[in-house]
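Peer 1: Just dropping this structure here.
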Amino acid sequence: SSDNAMLYVLSVPPRTVVRIEATRPIAEEDSLPFDRFPFIGVFTISRTGPTNAALPVFVQYAGTASPEADYPLLPGRVTIPAGEASTEIRVVPNQDGMAEGLETLVARISNCPPPTDPPMGMPCYAFDVDPAHASATVFLRDDGVTVASLVLTHPSEGATFPAGQTIVIEAVAIALDGYIDRVEFWDGDRPVGFSQIDFIVAPEPGTPIHHHFEWRGALPGTRMLTARAASPSGVLLVSNPVSLTVAGEPPRN
């Protein structure tokens, strides 16, 4: 006689996969020139697989928008409730009355807490993050119509430089319908230089493009800087003006 052997195959259920998307990618401080409620931005965090238990997800935030100044503090951990496949994070911008152009708020999800010193002492959770949807971006804008903007971020308003010093100028250009690869810098009505970035691969629409120029030979006195560029649709963009002072006399050779 022979022994009958039975083989049992145990199936292991696939791990839950979590993703984040900007299901409402624009958040407005004001809806002008339209007479409607301003748009609220929304991140949606969703999961695959069983929904019988609640699932906590860690979220970290970055971007050109500043927490508290541009938007209220958002949760660092959100929970997809039991019985639900998704949850939302709503982004309601602060109405600060300042013309700041388009700003970005990037949310990135993780199954483990962010590294801190000291450590947060919280466990990792048993799910995987969809690598193609590990982060998402909501754009904050001042009004209901802006699709491209150009903002001088350096130097700061009222800065003073000694004559002869190289002045570093920085600007951020954002276009929801493409990207801005060339920015000109002006002192009053006089062009002083430009930044041209040649991309091998075109950036995704809405990607902040950081432009940089080193201004040498600025004349003593009060200077008024602006940045100018053409949007992808051909509209002239002019940045916020920044006033600075070049003090003293330029060095003599």
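The values are calculated or read from the model by the stated rules, or taken from the named source; none is laboratory data. Here the structure is a predicted model, which is why all the values come from computation and not from measurement. Don't worry about glycine lacking a Cβ; one is built from the backbone with ideal geometry, like all the others, and counts go over all protein chains shown. The protein model used for the area step is the full one, side chains on, heavy atoms only, and it has no ligands, DNA or RNA in it. Shrake-Rupley method; radii C 1.70, N 1.55, O 1.52, S 1.80 Å.
Peer 1: Carbon and sulfur atoms: what percent of the 1.4 Å accessible area of the chain do they account for?
Peer 2: With neighbouring chains kept in place, the figure for the chain is 56 percent.
Peer 1: Per 0.36 nm of contour for each residue apart, how much would the distance between residue 157 and residue 53 grow if the chain were fully extended, relative to their Cα-Cα spacing?
Peer 2: 32.2 nm
Peer 1: Still on this model: Once the other residues with Cβ under 12 Å from the Cβ of residue 179 are scored (Lys, Arg +1; Asp, Glu -1), what is the net sum?
Peer 2: Net charge around residue 179: -3.
Peer 1: Please work out the FRET efficiency for the pair residue 85 and residue 35, using the Cβ-Cβ distance as r and a Förster radius of 22 Å; give the result to the nearest 0.05.
Peer 2: After rounding to 0.05, the efficiency reads 0.05.
Peer 1: Right, next: If you add up the charges near residue 124, with Lys and Arg at +1 and Asp and Glu at -1, over every other residue whose beta carbon is less than 14 angstrom from its beta carbon, what do you get?
Peer 2: Net of charged neighbours comes to +1.
Peer 1: Please work out the average accessible area per residue across the chain, using the 1.4 Å probe convention, and give it in Å².
Peer 2: With the other protein chains kept in place, the chain gives 58 Å² per residue.
Peer 1: So how exposed is residue 224, as accessible area in Å² (1.4 Å probe, rounded to 10)?
Peer 2: 80 Å²
Peer 1: Okay, next question. From the protein chains alone at 1.4 Å, what is the descending order of accessible area for 249, 88, largest first?
Peer 2: Accessible-area ranking of 249, 88, largest first: 249, 88.
Peer 1: How high is the relative contact order of the stretch 71-230? Use alpha-carbon pairs under 8 Å, at least six apart in sequence, and give a whole percent.
Peer 2: 19 percent
Peer 1: Test of understanding: what is the full-extension gain from residue 166 to residue 108, defined as 0.36 nm times their sequence separation minus their Cα-Cα distance?
Peer 2: 17.2 nm
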